[in-house]
1. Identify the single condition in (1) at negative phi; (2) surrounded by 14 or more Cβ atoms within 10 Å (Cβ to Cβ) that Glu148 does not satisfy, given that it satisfies every other one.
2. Quick one: is Tyr202 over 24 Å from Tyr48 (Cβ atoms), of a type in the set (Phe, Trp, Tyr) and open to solvent by 60 Å² or more (accessible area, probe 1.4 Å)?
3. What number goes with the only condition from (1) in contact (Cβ under 8 Å) with a residue 40 or more places away in the chain; (2) over 20 Å from Arg301 (Cβ atoms) that Gly161 does not pass?
4. Considering only segment 258-281, state which residues are out of contact with any helix residue (DSSP H, G or I) (no Cβ under 9 Å at 6 or more places or on another chain) and either closer than 23 Å to Leu234 by Cβ or touching a residue at least 40 places away in the same chain (Cβ under 8 Å) (or both).
5. Give me the pairs: first residue in segment 295-316 and under 24 Å from Val142 (Cα atoms), second residue among the small types (Gly, Ala, Ser) and surrounded by fewer than 21 Cβ atoms within 10 Å (Cβ to Cβ), beta-carbon distance under 7 Å, and six or more apart or on different chains, which are they?
6. I'm told Ala291 meets every condition in (1) hydrophobic (A, V, I, L, M, F, W, C); (2) modelled with pLDDT under 95; (3) touching a Gly at 6+ places or on another chain (Cβ under 6 Å) except one. Can you identify the failing condition by its number?
7. If a residue has to be in contact with a helix residue (DSSP H, G or I) (Cβ under 7 Å, 6 or more places away or on another chain) and closer than 30 Å to Asp248 by Cβ to count, how many in segment 135-147 make the cut?
8. Could you check segment 205-221 and list, in sequence order, the residues that are assigned to a strand (DSSP E or B) and open to solvent by 30 Å² or more (accessible area, probe 1.4 Å)?
Amino acid sequence: MFPVIPTIWADVLRAVRQLQPAAILVASSGAEPGFEVLAREIAAREPYLPLIAIDPTTTLPENAIPFAQIGGNFDRLMARLRAALRVRTLHSTVMRRLDGDPAARTKLVATNPSRDATVLLIGRGAAYPALSVSLGERMGVVGALSIEAAAKHLSTRDIDGIVLGEGFSPRVVDAFLTVLAEDARFRNLPIVVTSDGFVPAYELPNLEIISGEPARVAANALPLIRQRAFEAHLSRTLRSIDAGGLLDSRTGLLTQAAFNRDFATAVYQTQSRGGGLSVARFAFDPDHPRAQLDGARILNRLMRQMDFGVAEEDGSVIAVFPEVDLRTAHMIARRLSSVMRHTAHGKRDARSEPVVTLVTLLPKDTAKSLLARLHEDTHRAAS
């Protein structure tokens, strides 16, 4: 890349302000007094400005991406930098598309990628519980005690990163990483390996080795995962813009106004032409808002093209299944619920388990009466 301009710590803030760089590489342990100040300066800039810390020895700020060079080999650095610059380009595109819409720009700036991120934690060693807690303090966590369970989560959830803990042989780790590198869906995922002595010889630009205490692993894995979550949010925002603002950028489902319009249309067309229409409501614990977000994203990922849904303000998610009878809707809802239940330890958690209500369209129904029956049945089920 050209030009590459070196600077020293005493001049770094002035250099950033004057040169307006596209990325910043810091040959630093992360412990320099000016590092936190630099990270804050960069975090406030638009579009996204990548900050990569080479061989850090301490806990990094959440926007400082770690890079561990192995034996003086910097071959992976260019791939890491290119991946970060793609996020910068995507952010620039979204900002340009939102020009003239200050409310949408303000909403984008207020986005917290760390809060919305979901990491897949794979492992079964002694450090797994502590690592689960440390990651869970910073982002959403989905746990898997085996590679097979991890593969199932990757196919059913929107995952922003993978932390591969202890408990697997080098052969199993090699096979898993090889499969990820060969699949375009997962090739750019942040992947953190916590085992020492591992040589990252894979076409995975965001593969990183972070060993040590669980709190340090979680803190230094966060920047990579945060970047990926921000990229996913920008992609959903672009899809929302292309759809005329009808999609919610956090969940990918319809906005409330778009849902009301499409639902009324679907009820009218079904009543006019015949056929079936079923509606499911997934009610989550209102004190656990993360469950609603995860449930909405799972629904968006797994539903058919003709299905649609919305995340409501009361903490529930509503899904509409055109051309589906009540019996088939039960089967679909059971499958969705089973995916929503998994938590950091791969076990069922009452906070993540929704109360599911199903209704089907009757000849006398209107859109309003069908939704009223749906909410009435939910209250009866909850009581």
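1. Status for Glu148: all satisfied but (2).
2. no
3. (2)
4. Ala258, Phe259, Asp262, Thr270, Gln271
5. Arg297/Gly252; Asn300/Gly252
6. Only one criterion is unmet by Ala291, namely (3).
7. Pass one, segment 135-147, residues in contact with a helix residue (DSSP H, G or I) (Cβ under 7 Å, 6 or more places away or on another chain): 135, 138-144, 147.
Pick out the ones that are also closer than 30 Å to Asp248 by Cβ and you get 135, 138-144.
Summing the residues that are in contact with a helix residue (DSSP H, G or I) (Cβ under 7 Å, 6 or more places away or on another chain) and closer than 30 Å to Asp248 by Cβ in segment 135-147 gives 8.
8. The one that is assigned to a strand (DSSP E or B) and open to solvent by 30 Å² or more (accessible area, probe 1.4 Å): Ile209.
The values are calculated or read from the model by the stated rules, or taken from the named source; none is laboratory data. Source: prediction; values computed, not measured. Here Cβ is always computed from backbone atoms with ideal geometry, including for glycine, and neighbour counts include all displayed protein chains. Accessible surface areas use protein heavy atoms only, side chains included; no ligands, DNA or RNA. Shrake-Rupley method; radii C 1.70, N 1.55, O 1.52, S 1.80 Å.
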